[in-house]
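Here the structure is laid out as structure tokens; the discussion comes afterwards.
The values are calculated or read from the model by the stated rules, or taken from the named source; none is laboratory data. From a predicted model like this one, the values you see are computed outputs, not experimental measurements. Note that each Cβ is placed from the backbone with ideal geometry, even for glycine, and that neighbours are counted across all protein chains shown. The area values use the complete protein model at the heavy-atom level, side chains included, leaving out ligands, DNA and RNA. Shrake-Rupley method; radii C 1.70, N 1.55, O 1.52, S 1.80 Å.
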Amino acid sequence: MKKICALFFVFALIVTHVNALKAQNVISPEEFFGFKPGTDKKLFNYEKLVDYLKLLEQSSPKIKLAQIGRSPMGKPMYVVCISSADNIKNLDKLKEINRQLALNPDLSTEAVQKMAEEGKVFILATLSMHSTEVAPTQSLPLIAYDLATTSDPEKLKCLNEVVYMAVPCHNPDGMDMVVENYMKYLGTEFEGSSLPRVYHKYAGHDNNRDFISLTQEDTRAIDGLYSKEWFPQVMVEKHQMGSGGVRYFIPPPHDPIAENVDAGIWNWVGVFGSNMMKDMTADGLKGISQNYLFDDYWPGSTETCIWKNVIGFLTEAASVHIASPIYCEENELETGGKGLSEYKKSINFPEPWKGGWWRLGDIVNLETSSTNSILKTAAANRAAILQFRNFMCRNEVKKGMTEVPYYYILPAAQHDRSELVALVNLLMEHGIAVYQLQGDILVSGLTVAKGSIVVPLAQPFRSFIKEILEKQKYPVRHYTPDGEVMKPYDIASWSLPLHRGVNCFEVDSLIPDLGSKMKLVIEPFWLKTPLPDNYFAARFPVSNNESFKAIFIARSKGLEVTRNARGDFFIKRDGGKKPKLDSLVNLMGVSPEFLPAGSEIPSNPVKIARIALVETFMHDMDAGWTRFIFDTYTVPYKILHPGEFEKTDFIKDFDLVIFPDNEKSILMEGKNESDGQIYPTSYPPEYTKGIGKKGMAKLMDFFNQGGRILSWGASTELFTGLLSVKAADTSREFRLPVRDISKRLTKEGLFCPGSFVSMNLVSDNPLTAGMPSSTGIFFRGEPVFATSIPCFDMDRRVIGKFPEENILLSGYCEKPEKLADKSVMVWLKKGKGQLILYGFGPQFRASTQATYKLLFNPLLLP
């Protein structure tokens, strides 16, 4: 026995020695990059970061790197797991424990106890999704190296109890863009200037608004970590904010908070935040605040995980000029928003920073300290956090069986069947179990048809299901009793059925024996019939968004498309062994109607406009989302920058010019406007040229001679003032018979911070083909139009207007009655040209499929 013990002792010494040697051989970040991360004016790019993490993985048994997907521009995305060597060896086992605790409500008390003893707390950190917020990602090599080589007993204990899993960069594409741009101007007068484009393939800063719709590859990769694969118990999303206020925001957030999220989540968020304040203050860091500015009532960010039972929270650090230091005078520091009225010592801001130089290294220190605190808190509460995760699973399932609503039902009969298919697939991508009725059932006296979709709420992700399928009612909170309302931080509506135009209803009573009448849907879901061996043509109904995608693809493949008076599309089957139409049909989620030989099809050919999409260099997110929609639907277009208008031959090169939501001052002059004052931007001058008078004159000449223009949101201001067109050797001034009355309505009390409201549409108009007579639109309070009787060669038609009552469908709106019967979509004519103005974004953040047809139809106008 003594010999055996001695052998074990020797073996332990050997293992310890080997690990110590490995730690000695781990190259430091400073050696690898040639500078210490956080050094002024020094940055590494994404590829160098990944190279270093791969080197760490080779050098240390505490590091494991795994690919989780690809970015929108094709870069590999990873999660890096850091823990004790034993935990890294047992990742698969620990991962299965996570899954059982997260999803299995039937675990016995003994089983949960055992898993809580054997399991580890997984902490997911997502870093630098907004690419100008460089510090979280730049700090990761220091954190990883420290944890891989530490001999600190407290940190080693943490690594035994915790698996830290960091996504090294949430937005690899944007990171490389920003680093390259910063290095390009380093040492010049434009050092630290803004990137002249969105820092993402499409979404830019809005990538933090995509965690319900999951439109982007990087979003889906990260959502998969907590929805379907790893099921971490804790998540922190690391950001930066403006430079002139507090130095660091930590949890808990300010009111309002999400009412569908369980109190236990908020309690744990508070525990982590309190410990961060204590630990970071002990580390000598100042300027830290909590319960300030950032609320947590709306899903869409990475913190959407809190609706899926993850203890999730946010940190925000005061920024520098990318990597260049800034100097802050003490009397320049101020607060703004909820929670702090003055930049003074407060219960949620106990030690203010006094100003001075602020550097990238200061932010890196904050990131390192806050990360260590999160690890400590998780390690100290390991068993309780693991048990809490299964408690949440069981409790949410129990609520689904004992609290209304019990089910959401999506009827088989839908106006747009393709959006039903898309919604069902999205729900499953979120980790939600979805069922399909195998026969008709009776619900509250109404027959629900076979094929309808049932979403039971007795699921672990119940709060998420309820949040995204119900209509939103903003949780109104006041600063004082009956005082000022705390206004929404971002938007107030995100109901997937409403935004997609899919009929959905709640069921508030249990349906007996429902389990035997429905079948679990397996991904992917579609509504298809077998492709016939012989058919003459296919009819794609205009009511389906997917039909527009089909015809855009068809035209790109050289197939002829025709259209009937109702707006439906017809494509004749081409010949050959592999007809192109067969391949196209196989791409669709809903089968078209297959027409037999001898069928008559319309002869009116569909022609897609030659499109110029106007995009500025100034982080033009709405244009980016428009590009995403067009690329997804295979719509051909060319980007046109405002500074190129002067030299563009619009009449020769384009049929249609599209202006997404952007300010008139940015479009016309390349400058910002605020309170009537014009301010230069933070971009180098080669990127700030506006349309100018000459460019606008060319656009108006194009318009007058038959060109088409689409404009929505703030860009509509380009067309609601005094305009002019060429007339012989002079120019003739005119005003279109429309004006924006939203400023007047705002003074009268209208306030609508991004909500879903009702709009009535005209029928028998090519612009509204495929639309119901009434639809929801995503509306932010402006613009609102008033038309007038035209003169000369002008005309106008109101295409869409608000109803007289029941205007608000989902979200929050003060004095919605001010919108009653007001116009919000208008068609205008001048000369031979057509202009369509929208008071709403028909494609807002790729999340308003209910109004996509109002964007697609104008692309096909004759």
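Residues being polar (S, T, N, Q) and under 26 Å from the mean Cα position of the chain (by Cα): count how many of those fall in the range 480-510.
Summing the residues that are polar (S, T, N, Q) and under 26 Å from the mean Cα position of the chain (by Cα) in the range 480-510 gives 3.
Using the structure shown, decide if E804 is part of a loop (DSSP other than H, G, I, E, B), acidic (D, E) and surrounded by fewer than 19 Cβ atoms within 10 Å (Cβ to Cβ).
In short, yes.
Residues checked against (1) in a loop (DSSP other than H, G, I, E, B); (2) under 17 Å from N765 (Cβ atoms); (3) touching a residue at least 40 places away in the same chain (Cβ under 8 Å); (4) not aliphatic (A, V, I, L, M):
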{"position": "P790", "(1), (2), (3), (4)": "yes, no, yes, yes"}
{"position": "V824", "(1), (2), (3), (4)": "no, yes, yes, no"}
{"position": "W827", "(1), (2), (3), (4)": "no, yes, yes, yes"}
{"position": "F856", "(1), (2), (3), (4)": "no, yes, yes, yes"}
{"position": "P862", "(1), (2), (3), (4)": "yes, yes, yes, yes"}
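Within the range 65-88, count every residue that is farther than 20 Å from E118 by Cα and not β-branched (V, I, T).
13
For the range 723-770, which positions are within 19 Å of K832 (Cβ to Cβ) and touching a helix residue (DSSP H, G or I) at 6+ places or on another chain (Cβ under 7 Å)?
L723, S724, V725, K726, L736, P766, L767
Quick check on F617: is it of a type in the set (F, W, Y) and either over 23 Å from F779 (Cα atoms) or open to solvent by 30 Å² or more (accessible area, probe 1.4 Å) (or both)?
So F617 passes the test.
Could you check, for the range 267-283, whether at least one of its residues is open to solvent by less than 40 Å² (accessible area, probe 1.4 Å) and part of a loop (DSSP other than H, G, I, E, B)?
Among the residues of the range 267-283, not one is open to solvent by less than 40 Å² (accessible area, probe 1.4 Å) and part of a loop (DSSP other than H, G, I, E, B), which makes the answer no.
Condition first: among the charged types (D, E, K, R), modelled with pLDDT of 95 or more and under 28 Å from N704 (Cβ atoms). Now tell me which residues in the range 753-792 satisfy that.
If the condition is that a residue be among the charged types (D, E, K, R), modelled with pLDDT of 95 or more and under 28 Å from N704 (Cβ atoms), then E782 is the only one that fits.
Give the residue that is nearest to I658 (Cα to Cα), with candidates limited to residues of the range 573-593 that are in contact (Cβ under 8 Å) with a residue 40 or more places away in the chain and crowded, with 19+ Cβ neighbours inside 10 Å.
M588
Look at P411 and say whether it is surrounded by fewer than 22 Cβ atoms within 10 Å (Cβ to Cβ) and touching a strand residue (DSSP E or B) at 6+ places or on another chain (Cβ under 9 Å).
Yes; evaluated as a whole, the condition is true for this residue.
Please indicate, with yes or no, whether at least one residue in the range 101-113 is under 21 Å from N160 (Cβ atoms) and either crowded, with 19+ Cβ neighbours inside 10 Å or basic (K, R) (or both).
Within the range 101-113, one or more residues are under 21 Å from N160 (Cβ atoms) and either crowded, with 19+ Cβ neighbours inside 10 Å or basic (K, R) (or both).
Using the structure shown, decide if K607 is in a loop (DSSP other than H, G, I, E, B) and either without any contact (Cβ under 8 Å) to a residue 24 or more places away in the chain or among the small types (G, A, S) (or both).
So K607 fails the test.
Is it true that some residue in the range 484-507 is touching a His at 6+ places or on another chain (Cβ under 7 Å), of a type in the set (V, I, T) and either open to solvent by less than 40 Å² (accessible area, probe 1.4 Å) or at positive phi (or both)?
Checked the range 484-507: at least one residue is touching a His at 6+ places or on another chain (Cβ under 7 Å), of a type in the set (V, I, T) and either open to solvent by less than 40 Å² (accessible area, probe 1.4 Å) or at positive phi (or both).
Just need a number here: residues in the range 747-783 that are open to solvent by less than 60 Å² (accessible area, probe 1.4 Å), within 24 Å of W494 (Cα to Cα), of a type in the set (S, T, N, Q) and not in a strand (DSSP E or B).
Total meeting the criteria: 1.
Any chance you could count how many residues in the range 760-784 are touching a Phe, Trp or Tyr at 6+ places or on another chain (Cβ under 6 Å) and under 28 Å from K830 (Cβ atoms)?
Of the residues in that region, 2 qualify.
How many of the residues in the range 821-849 are touching a strand residue (DSSP E or B) at 6+ places or on another chain (Cβ under 9 Å) and open to solvent by 10 Å² or more (accessible area, probe 1.4 Å)?
Of the residues in that region, 12 qualify.
If I123 satisfies all but one of (1) closer than 18 Å to L375 by Cβ; (2) surrounded by fewer than 20 Cβ atoms within 10 Å (Cβ to Cβ); (3) of a type in the set (A, V, I, L, M, F, W, C), what's the number of the condition it fails?
All conditions pass for I123, except number (2).
Just one of (1) touching a residue at least 40 places away in the same chain (Cβ under 8 Å); (2) farther than 25 Å from N857 by Cβ; (3) among the hydrophobic types (A, V, I, L, M, F, W, C) trips up F703, so point out which.
The single condition F703 does not satisfy is (2).
What number of residues within the range 132-147 are touching a strand residue (DSSP E or B) at 6+ places or on another chain (Cβ under 7 Å) and open to solvent by 10 Å² or more (accessible area, probe 1.4 Å)?
So the answer is 1.
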